[in-house]
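Report on the structure given below.
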Amino acid sequence: MNHPQWILVAATLLGAVAMWLLLPRVRDRGWPLGIVLGAIGLGLLASQMPRIGHWTTDSVFLVLAAVTVVAAVATVTFRNPVYSAIWFGLSLLGTAGLFLVQGAAFLAVATVIVYAGAILVTFLFLLMLADPQGRAYYDRIGWETSLSAFAGAVIVGILSMTTISVLTNPSDQLAAAAATDQQRAEGVLGEYPIAGLGSALFGTHLIAVEVAGALLLAALVGAAAIVAHGRVKPPPEIPEKGDPAAARQTGQEAAGDGEPASPTRTHAAAEHRR
Amino acid sequence: MFSIPTLLVLVPALPLAATLATAALGKKVLREQSHWPAVAGIGLSFLAALLLLFQVRAAVAQADAGPVRIGYEEVVRLWTWANVEGAGGMEPGSPGPSPPRQIALMDFAVEVALRADPLTAVMLVTVTFVSFLVAVYSIGYMHEDPGYWRFFAYIALFVFSMTMLVSVSNFLMLYIFWEAVGLCSYLLIGFWYQKPEAAAAGKKAFLVNRIGDFGFALGVFLIWTTYGTLNFHDTIHDTGLTTMGVLGQSRLAEPGLFVAGGIATAICLLLLLGACGKSAQFPLHVWLPDAMEGPTPVSALIHAATMVTAGIYMIARCAPLFHASGDAFQAVALIGGFTALLASAIAVTQTDLKRILAYSTISQLGYMFLGLGAGTLPGITAGMFHLFTHAFFKALLFLGAGSVMHAMGGVIDIRRFGGLRHRMPTTHWTFLIGCLALAAFPGFSGFFSKDEILVALHENSLDGPSPALYHILYLAASATAFLTAFYTFRAFILTFYGPERIPHEAGDHAHESPNSMTLPLVILAIFSAFVGAWFFFTHGFSEFLAHTPSLAYPAMHTEEAAHAPSVHAGVMVASALVAVAGIGLAWLLYLRWPKTVDRLTAAMDAVGLYRLSFGKFYIDQAYHVLVVRPLAGLAWASYWFDRYVVDGLVDLIGLAPRGAGAVLRSLQSGMVQFYALAMVLGVLVLIVALLV
Amino acid sequence: MIEHELNLLTNFLVVGALLFGIGLIGFLTRRNMIIMFLSAEMMLQGVSVSLVAWGRYFNDLDGQILVIFIIAVAACEAALALALILMLFQRRGNLDIALWHDLRESNLPPYVDHELPEIPPYQSGPWPTLTPAGRRPDLPQQETDYRSHV
């Protein structure tokens, strides 16, 4: 192995340790170290990336990529789900910016409107309904944190290494398959890119659009049906104390009343579960 | 109007159509009228067989004038059922001196071919005629039976199988229909399958026959490896070459083309084993008396007149093979003579009317074997002649016994009824004729056919390969004739004479049977009385049969000239005296001095003879101890081994995945994230494996 | 300018991989069902970024069209997932995915956390109140410049 690949390996391992430190665990100490290590890892990775072109392009891209990735890390590591959701919104904005860099203006707008505007807000509604304070025990505990962080980091590392090594020395086939700037100027980067997208979408892919529309309708009906028929009636009697299931039922009753679940009761339920 | 091929196909096709029609429509549509397809089909089949017989006769007469042929035959090839090219590994030229026209074409070609020759024609007429009468009789006898349609479907199926058996021209097809008649026999013995005895008897018949069939199958295999074909007839190929059939014209025409020596004897003994099974000869005779559990028409048709003669037919058909062996005919004669004597000795003391008739059937079949075993043309034709006459009078006797049974409410024990001659006059008279025929009273058909057999034996004892043996067999046959006359009239007198006794089961039922039952009795009685004399004095039967290729062979290639069976006055007088003596003894003992019977019985019992005969010489018991018990023990041991050792091993193997499952079960935690993590790790492993 | 396009593709693919990986880690570790869902969406975003990059490289609009379909499917998924999560929350009273393992083997005991995290003490602050119309709300100082909760 040569030098740059060792750097990528180091970046991967650093990323894995950083994610492990940042993720919620029972004893979550060391997150500041995680931030430092993560930053170093990302920096190492960035150092191995080829420059795109002019420094302005590079800096715009780097800023957007950094925002996207950091916001993504924050999304999965923040204890309070409300913050997670907001960080996810930021990550989406960064993605939208990346789409703009690529010349996919319509997608940038669609991502912001559909994801950040609709889906994410709906999730925030639900979060507010369920647990607005972010003090639930399950937000402060992870599942197989170390193994998962390692696995994810290794996948990213392998993908990055492969991508870099393949694309810095592209095969003739891959290079020949690339479009010329002339073609691109008449295609994806054309004068009216959104018009081109629309004509392709409602021309070549018309049936797929219809199917997607049917899928959306089905999802709408399905969601309504789940909510309408999935309700459970409250239990007829108050369960005995000390029963874990009973403790959960109690919590559910509290939620069913429309009040926010009291943190003490949730914690009490968690204590019963020990 | 009808050519021989058409008739030959029609004879089996009509009963088959009747079977299919009855089976398809009997239960729902025909119901009480289920007999019509079978009766019509078999009746038309009989007419076709009769026409065929006349046409064959005409053809035989013409063939006599033609160039040298061995007898007369006409083979109708329908289609080739199976053809495995180059199946055999016989080197060209073998066996024996091979004429140039025989080529080493060892294709395993099973031709579905029917043949018409005198032997087949006679058998076809006999079978269809008796079957037709029995079918008519069954209309009355089986009336109101819940399985009415089933019965007629089986009967028609049997007639189809039997007519095919006697007309096919291939050993494999012969074997197939050999099994088919066995199947019909099994189905009809166990017709009342709710009755445990009937089910057991059916099973016994099937299993005992299986032993014989196994021998037959081995014999067929040996024929294939020896002769390289299973067809009876010659096959002429497009190339102009000829594959010699086992019993084909070209092989029969020249002496020395049959394999001799040990292989020939082996083939013949294996075929003889098959014949013993089907024709109920010692040591495989035990199934026939038990087969009387079936409906009486079945006993008359299958177990007296037709199916049991399949063995006789087969040996007659294969006579050249037996000739080639040399010793095999003596084995046939020995088995026949022993069986005849044994069965008649058992029949003397039996009390079940149908069983007496069953043992007499075995005994008479033994007689036919004796005739065949003489090995000469007169002997073989005498055996076939006896088969022919026996079919009539034995069917008559069985149907008469069925009529008695019908009237007595199912009781068949001759100690429980008597003096029925006034109540059942038609049955009485016809039964008397049947008894006279069976007892070989002079003038009745049984007398002439039996006499021909005795003459053939007597001639062999005068000049033949082993005169001493045939002399002993001649004496045994005479003793059998005496016993036959005695037990036949014992049963007859106990049934129809003496004080009138009627069992209570009969109720007010004890009267003459309906017309559909008595009419066949009368017809059969007429034939039983006169058919023997007619053919004896015209010599028509044996002369006609002598034109069968298989039977013409010995006449052509041995020193003895083909001559009509000689009338030997001494033998004839002796056998007449023996028959009259037997009848007279029965008459004296059972009608005049009934007390003496008891005393005689007691005296015999003192030395164990009576008990031995009454117990059927304890052959069943011996088989039970010597064969059934050890086999059952072996089966039990095998069961134990299979249950505990083999299954134990299998269970042990089965435990391995179970154990692995028990370990891996703990992985099924139901946690979504656990599964997702497992998937990711799996993907990781795959990626690493791809990259490294 | 093939170099430029190749480098652009490389960078975007690595960013896509990062988004995908981070989303994967989040999906595997977080026990809040909503966060898991967000993580899954993040994986989709990573794929979308890669698709757009490839589409640009090959000058093929199908990459972008596929992303549009991804967004549509994600919307369906969101609708159904929200409804399901709401149902599950109503039944058990919290969003812990670990409570839902009824499909485990029958001989396995239910999952129990052996160790639970310290939860910082609840710092109760004043909840927002509405002042009747027509009156000027008098907000306390604490309320105007700090909120302990959203």
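For every residue, the table says whether it meets (1) modelled with pLDDT of 90 or more; (2) over 30 Å from C:Ile25 (Cβ atoms).
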| residue | (1), (2) |
| --- | --- |
| B:Ala632 | yes, yes |
| B:Gly661 | no, yes |
| B:Leu664 | no, no |
| B:Val680 | yes, no |
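Looking for something closer than 25 Å to B:Leu269 by Cα and not in a loop (DSSP other than H, G, I, E, B) - is there at least one such residue anywhere in region B:390-402? No, there is no match, as no residue in region B:390-402 is closer than 25 Å to B:Leu269 by Cα and not in a loop (DSSP other than H, G, I, E, B).
Only helices (runs of 4 or more DSSP H) whose full extent lies in region B:200-294 are considered here, and the ones with at least 1 residues that are modelled with pLDDT under 85 are B:249-253, B:262-278.
Checked against (1) among the hydrophobic types (A, V, I, L, M, F, W, C); (2) open to solvent by 10 Å² or more (accessible area, probe 1.4 Å); (3) closer than 15 Å to B:Ala300 by Cβ, B:Phe158 passes all but condition (2). Remark: pairs (first residue in region B:657-668, part of a helix (DSSP H, G or I); second residue exposed (fewer than 10 other Cβ atoms within 10 Å of the Cβ); Cβ separation under 7 Å; 6+ apart in sequence or on different chains) = B:Arg665/C:Asn107. Give region B:10-54 a look and list any residue that's open to solvent by 60 Å² or more (accessible area, probe 1.4 Å) and farther than 21 Å from B:Val130 by Cβ, or say none. Once the filter is applied, which keeps residues that are open to solvent by 60 Å² or more (accessible area, probe 1.4 Å) and farther than 21 Å from B:Val130 by Cβ, region B:10-54 yields B:Leu20, B:Ala24, B:Leu25, B:Lys27, B:Lys28, B:Val29, B:Arg31, B:Glu32, B:Gln33. Filtered by the rule that a residue be among the β-branched types (Val, Ile, Thr), open to solvent by less than 50 Å² (accessible area, probe 1.4 Å) and more than 21 Å from the chain's Cα centre (by Cα), region A:1-47 gives A:Ile7, A:Val9, A:Val26.
Considering region B:539-577, and only residues there that are in contact with an Asp or Glu (Cβ under 6 Å, 6 or more places away or on another chain) and not in a helix (DSSP H, G or I), the residue that is modelled with the highest pLDDT turns out to be B:Thr548.
Residues are listed down the side, and each one gets a yes or a no for (1) open to solvent by 20 Å² or more (accessible area, probe 1.4 Å); (2) farther than 18 Å from C:Phe20 by Cβ:
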site	(1), (2)
A:Val67	yes, no
A:Val73	yes, no
A:Phe78	yes, yes
A:Pro81	no, yes
A:Gly94	no, no
A:Ala105	yes, yes
A:Ala108	no, yes
A:Val112	yes, yes
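Please indicate, with yes or no, whether at least one residue in region A:117-125 is open to solvent by 20 Å² or more (accessible area, probe 1.4 Å), more than 7 Å from chain C (Cβ to nearest Cβ) and touching a residue at least 40 places away in the same chain (Cβ under 8 Å). Yes, because at least one residue in region A:117-125 is open to solvent by 20 Å² or more (accessible area, probe 1.4 Å), more than 7 Å from chain C (Cβ to nearest Cβ) and touching a residue at least 40 places away in the same chain (Cβ under 8 Å). Does region A:49-58 include one or more residues that are over 22 Å from A:Pro4 (Cα atoms) and facing chain C (nearest Cβ under 10 Å)? Scanning region A:49-58, I find at least one residue that is over 22 Å from A:Pro4 (Cα atoms) and facing chain C (nearest Cβ under 10 Å), so the answer is yes. Do the conditions hold for B:Glu459, that is, is it open to solvent by 30 Å² or more (accessible area, probe 1.4 Å), within 22 Å of B:His539 (Cα to Cα), of a type outside the set (Ser, Thr, Tyr) and in a helix (DSSP H, G or I)? Spelling it out, B:Glu459 is indeed open to solvent by 30 Å² or more (accessible area, probe 1.4 Å), within 22 Å of B:His539 (Cα to Cα), of a type outside the set (Ser, Thr, Tyr) and in a helix (DSSP H, G or I). Can you spot a residue in region A:1-15 that is polar (S, T, N, Q) and either free of Cβ contacts under 8 Å to residues at least 24 places away in the same chain or at the interface with chain C (Cβ under 9 Å from one of its Cβ atoms) (or both)? Yes, region A:1-15 contains a residue that is polar (S, T, N, Q) and either free of Cβ contacts under 8 Å to residues at least 24 places away in the same chain or at the interface with chain C (Cβ under 9 Å from one of its Cβ atoms) (or both). Scanning region C:92-109 for residues that are over 19 Å from A:Asn80 (Cα atoms) and facing chain B (nearest Cβ under 7 Å) yields a count of 7. Based on this model, can you work out whether A:Glu210 counts as more than 9 Å from every other protein chain (Cβ to nearest Cβ), of a type in the set (Asp, Glu) and not in a helix (DSSP H, G or I)? So A:Glu210 fails the test. Cβ-Cβ distances below 7 Å connect the following pairs, each with a first residue in region A:158-184 that is more than 17 Å from C:Leu61 (Cβ to Cβ) and of a type in the set (A, V, I, L, M), a second residue that is open to solvent by less than 30 Å² (accessible area, probe 1.4 Å) and in a helix (DSSP H, G or I), and a separation of six or more residues or different chains: A:Leu159/C:Ala17; A:Met161/A:Leu8; A:Ile164/C:Thr10; A:Leu167/C:Leu6; A:Leu167/C:Leu9; A:Leu167/C:Thr10.
Okay, residues lined up against (1) facing chain A (nearest Cβ under 7 Å); (2) hydrophobic (A, V, I, L, M, F, W, C); (3) buried (at least 24 other Cβ atoms within 10 Å of the Cβ):
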site	(1), (2), (3)
C:Leu8	yes, yes, no
C:Leu13	yes, yes, no
C:Leu28	yes, yes, yes
C:Ala40	no, yes, no
C:Val52	yes, yes, yes
C:Asn59	yes, no, no
C:Ala83	yes, yes, no
C:Gln90	yes, no, no
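Filtering B:Met405, B:Met424 for residues that are within 30 Å of B:Phe132 (Cβ to Cβ), open to solvent by less than 10 Å² (accessible area, probe 1.4 Å) and touching a residue at least 12 places away in the same chain (Cβ under 8 Å) leaves a single hit, B:Met424. Looking at B:Val60, B:Val68, B:Val56, B:Val39, just one residue is at pLDDT 75 or above and either more than 30 Å from B:Met162 (Cα to Cα) or in contact with a strand residue (DSSP E or B) (Cβ under 9 Å, 6 or more places away or on another chain) (or both), and that residue is B:Val56. Taken as a whole, the structure leaves A:Val166 outside the set of residues that are within 7 Å of another protein chain (Cβ to nearest Cβ), open to solvent by 20 Å² or more (accessible area, probe 1.4 Å) and in a helix (DSSP H, G or I).
Checked against the criteria, B:Ile502 does not count as touching a residue at least 60 places away in the same chain (Cβ under 8 Å) and open to solvent by less than 20 Å² (accessible area, probe 1.4 Å).
Does region A:50-61 include one or more residues that are in contact (Cβ under 8 Å) with a residue 12 or more places away in the chain, closer than 19 Å to A:Thr163 by Cα, open to solvent by less than 60 Å² (accessible area, probe 1.4 Å) and in a helix (DSSP H, G or I)? Checking region A:50-61: at least one residue is in contact (Cβ under 8 Å) with a residue 12 or more places away in the chain, closer than 19 Å to A:Thr163 by Cα, open to solvent by less than 60 Å² (accessible area, probe 1.4 Å) and in a helix (DSSP H, G or I). Within region B:601-645, the residues that satisfy the criterion of being more than 22 Å from B:Pro289 (Cα to Cα), touching a helix residue (DSSP H, G or I) at 6+ places or on another chain (Cβ under 7 Å) and not polar (S, T, N, Q) are B:Met604, B:Asp605. Inclusion of A:Pro193 among residues that are surrounded by fewer than 20 Cβ atoms within 10 Å (Cβ to Cβ), at the interface with chain C (Cβ under 7 Å from one of its Cβ atoms) and either over 26 Å from A:Leu92 (Cα atoms) or not polar (S, T, N, Q) (or both) is not warranted.
Kindly establish whether B:Leu187 is closer than 28 Å to B:Asp620 by Cβ and open to solvent by 50 Å² or more (accessible area, probe 1.4 Å). Against the criterion (closer than 28 Å to B:Asp620 by Cβ and open to solvent by 50 Å² or more (accessible area, probe 1.4 Å)), B:Leu187 does not qualify. For region B:428-443, a residue qualifies if it is at pLDDT 90 or above and not in a helix (DSSP H, G or I), but none of them does.
In the list A:Ala71, A:Ala65, A:Ala85, which residue meets the criterion of being over 22 Å from C:Leu9 (Cβ atoms), part of a helix (DSSP H, G or I) and either touching a residue at least 24 places away in the same chain (Cβ under 8 Å) or facing chain C (nearest Cβ under 7 Å) (or both)? Result: A:Ala85 is the single residue among A:Ala71, A:Ala65, A:Ala85 that is over 22 Å from C:Leu9 (Cβ atoms), part of a helix (DSSP H, G or I) and either touching a residue at least 24 places away in the same chain (Cβ under 8 Å) or facing chain C (nearest Cβ under 7 Å) (or both).
The values are calculated or read from the model by the stated rules, or taken from the named source; none is laboratory data. Computed from a predicted model, the values in this text were never measured in an experiment. Cβ coordinates were reconstructed from backbone atoms using ideal geometry, including for glycine residues, and neighbour counts include every protein chain displayed. For the accessible areas, the whole protein counts, side chains as well, though only heavy atoms, and no ligand, DNA or RNA atoms are used. Shrake-Rupley method; radii C 1.70, N 1.55, O 1.52, S 1.80 Å.
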